[in-house]
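Remarks on the structure that follows.
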Amino acid sequence: MKKDPLIAAVGIFLLATAGARADAKVTVENNGNDDATSAFKFTTVPRPSADDAATSAKFTIVAGSADSNGGSLDNLHDDKLPQEADQPAENFFFEAGSHGGRVQVDLGHGINIRQINTYSWHPATRGPQVYKLYAAEGTATNFNAAPKEGTAPEQCGWQLVADVNTKPKLEEGGGQYGVSIANPAGNLGQFRYLLFDMMPTEQDDEFGNTFYSEIDVIDASAPVAGDAVSAAKLFTFKTADEKCTVTLNTTQAPGLENWATNQLAPVLAAWYPKITALLPSPEYTAPTHFKITIKPMDGVAYTAGQDVVANSTWLERELKGEAIGSLVHELVHVVQQHHSRSNPGWLVEGSADYIRWFLYDADQHGADMVWMRKHGKNFSPHYNDSYRITANFLNWVSGKYDKDIVAQMGAAMREGKYDENLWQQYTGKTVSELGDEWKKDVMAQLASKDSPAKPN
Ligand SMILES: [Zn+2]
């Protein structure tokens with residue numbers, strides 16, 4: 001639940017300068033050196049677009065000179081990203097020792113702009129971004145499309161849109177930066193020209209000009225990318241071990257926003273690392289990002305890869321009952337990441353319910369003998385009846401034969417190596433022998449009046 005301190009420190013800038021777009025909001029995010037990857041993945045800033053209005057725009061240097069060690073201006077809008085933290089040729093930056101410069105972008109015609117996003121990557125002081133962004137329609141009589149250094153853009157037909165400075169206060173500021181300039185209430189406006197007045201991040205040495213990796217201009221009429229959908233309204237949190245970022249989307253179930261943020265998220269943040277530890281396999285890392293969408297739908301919940309979807313109508317009814325537990329069950333599926341079709345569904349679901357009902361929520365007696373006893377006279381459980389019944393079976397096998405059975409079967413299923421013979425290997429008995437023995441034990445307990453499994 002802890003916020004990245006750097007994000008918090010850099011925060012969000014609001015700008016309200018006379019003549020500027022008072023409604024432009026700047027969102028800044030930093031992936032530290034250890035977290036930055038060539039995917040340029042952020043939680044609130046959209047990932048770089050593969051095709052946007054800047055792709056075909058004309059980029060020109062109107063003040064300053066490019067550094068000869070760096071790439072050309074094309075790097076800023078070729079939709080290609082550096083693969084590493086220090087790749088001069090894949091970035092554009094102004095000459096070493098200079099105090100920056102100005103890059104003009106001509107979109108060719110006026111475009112209603114939804115968003116302007118800029119990305120940079122460098123291991124040290126050339127990571128952060130310091131620039132002023134101006135925009136113009138280009139129709140003012142005094143318009144100067146290429147204002148040189150010393151000419152104030154505001155004086156020649158430009159308006160200031162945003163004043164960006166992502167430098168952290170205390171640190172060097174290495175890593176990857178994503179900056180998104182948008183108007184939360186709508187679009188930025190109709191513009192043909194943009195002017196980036198880029199400044200160095202420091203003057204202590206010659207190397208203070210930022211490594212800019214990409215500039216994206218998002219046309220308001222372009223389809224909204226999945227990641228960008230109302231990003232401002234999504235709630236993200238980190239798991240307790242800080243290893244995984246979870247995005248919680250309740251935009252289609254606003255009544256559950258509070259519950260999801262305050263009740264559900266803390267449980268998931270605590271349990272994701274526990275489940276990860278319960279279901280290890282060699283060389284396996286559980287997903288470092290996944291998404292939960294809560295919305296009205298049929299059924300209860302499902303997980304597909306790193307997407308969990310849960311039914312808001314059902315959850316609302318179960319807020320005091322099974323709501324959180326049902327998402328702990330889905331959390332197990334996120335960690336399982338079984339991609340083999342030959343895995344038995346009863347074992348996949350039984351394992352998820354075992355963790356949910358015996359480890360997370362044992363006090364609720366949702367799958368133990370208390371629950372078994374609620375069934376009628378003709379109850380005849382079979383080990384592969386799935387969900388809670390299989391959970392009960394797995395709990396029994398864990399207690400009687402092999403405490404690691406769920407982890408071992410989980411690892412085999414994840415690797416696509418599940419085989420019935422594994423039961424024999426791990427417990428000395430076949431699964432049907434185990435099933436018969438378990439059932440006999442269950443039936444004996446159900447028949448006995450003074451059963452040991454009374455709720456206390
Ligand atoms: Zn399931």
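The values are calculated or read from the model by the stated rules, or taken from the named source; none is laboratory data. What you see is a predicted model; the values in this text were computed from it and never measured. For neighbour counting, all protein chains shown are included, and Cβ atoms are generated from backbone atoms with ideal geometry for every residue, glycine included.
Okay, here's what the table says:
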{"quantity": "Hits in the range 331-389 - residues which are more than 16 Å from the ligand (Cβ to nearest atom), in a helix (DSSP H, G or I) and of a type in the set (D, E, K, R)", "calculated": "D363"}
{"quantity": "Condition check for S312: away from the ligand (no atom under 13 Å from the Cβ), in contact (Cβ under 8 Å) with a residue 24 or more places away in the chain and either surrounded by fewer than 17 Cβ atoms within 10 Å (Cβ to Cβ) or assigned by TED's automatic domain parsing to the domain that holds E349 (or both)", "calculated": "yes"}
{"quantity": "Long-range neighbours under 8 Å by Cβ, at least six apart or interchain, first residue farther than 14 Å from E437 by Cα within the range 376-399, second more than 16 Å from the ligand (Cβ to nearest atom) and not in a loop (DSSP other than H, G, I, E, B)", "calculated": "F379/M372; F379/L446; R388/W371"}
{"quantity": "Strands (runs of 3 or more DSSP E) within the range 142-200 that include 1 or more residues over 17 Å from K25 (Cβ atoms)", "calculated": "175-182, 189-198"}
{"quantity": "Every pair of residues 6+ apart whose Cβ atoms lie under 9 Å, when the first sits in the range 353-367 and is in contact (Cβ under 8 Å) with a residue 12 or more places away in the chain while the second is more than 15 Å from the ligand (Cβ to nearest atom) and not in a helix (DSSP H, G or I)", "calculated": "W357/H365; W357/D368; F358/D368; Q364/G321; H365/A453; H365/P455"}
{"quantity": "Segments classed as strands (runs of 3 or more DSSP E), wholly inside the range 242-328, with at least 2 members that are touching a Phe, Trp or Tyr at 6+ places or on another chain (Cβ under 8 Å)", "calculated": "245-249, 307-311"}
{"quantity": "Filtered residue count, the range 8-42, keeping only those that are more than 16 Å from the chain's Cα centre (by Cα), in a loop (DSSP other than H, G, I, E, B) and at pLDDT 85 or above", "calculated": "3"}
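Residue-wise test of (1) of a type in the set (V, I, T); (2) touching an Asp or Glu at 6+ places or on another chain (Cβ under 9 Å).
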site	(1), (2)
G127	no, yes
Y131	no, yes
A140	no, no
V164	yes, no
G186	no, yes
